[in-house]
1. Which ones in region 31-59 are in a helix (DSSP H, G or I) and of a type in the set (A, V, I, L, M, F, W, C)?
2. What residue, among those in region 42-59 that are at pLDDT 90 or above and among the charged types (D, E, K, R), is surrounded by the most Cβ atoms within 10 Å (Cβ to Cβ)?
3. State all residues of region 11-30 that are outside any helix (DSSP H, G or I) and without any contact (Cβ under 8 Å) to a residue 24 or more places away in the chain; if no residue qualifies, say none.
Amino acid sequence: MSERNADTHPDRPVSDETLLKVTKEIVIKFIEVGRLTPATFEQNFDTIYHTIKKTVCKE
């Protein structure tokens, strides 16, 4: 596992594609467990996306 940590670059930017994929997976999981509904998908996706982006990107 230490080899894996040596290859990571904490200052490397995260692509929009990666942010979208992570957001999609979180939203899907929330829908599966009943925390979100497809009717509120658009609003929740946007909120989750911006929260993740703010967390991982230094703005």
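The values are calculated or read from the model by the stated rules, or taken from the named source; none is laboratory data. Remember, predicted model here, so these are calculated numbers, not experimental data. Note that each Cβ is placed from the backbone with ideal geometry, even for glycine, and that neighbours are counted across all protein chains shown.
1. Initial filter on region 31-59 (in a helix (DSSP H, G or I)): 31-32, 38-56.
Ile31, Ala39, Phe41, Phe45, Ile48, Ile52, Val56 - these are the residues of region 31-59 that are in a helix (DSSP H, G or I) and of a type in the set (A, V, I, L, M, F, W, C).
2. Going through the qualifying residues, I end up with Lys53.
3. First, the residues of region 11-30 that are outside any helix (DSSP H, G or I): 11-15.
If the condition is that a residue be outside any helix (DSSP H, G or I) and without any contact (Cβ under 8 Å) to a residue 24 or more places away in the chain, then Asp11, Arg12, Ser15 are the ones that fit.
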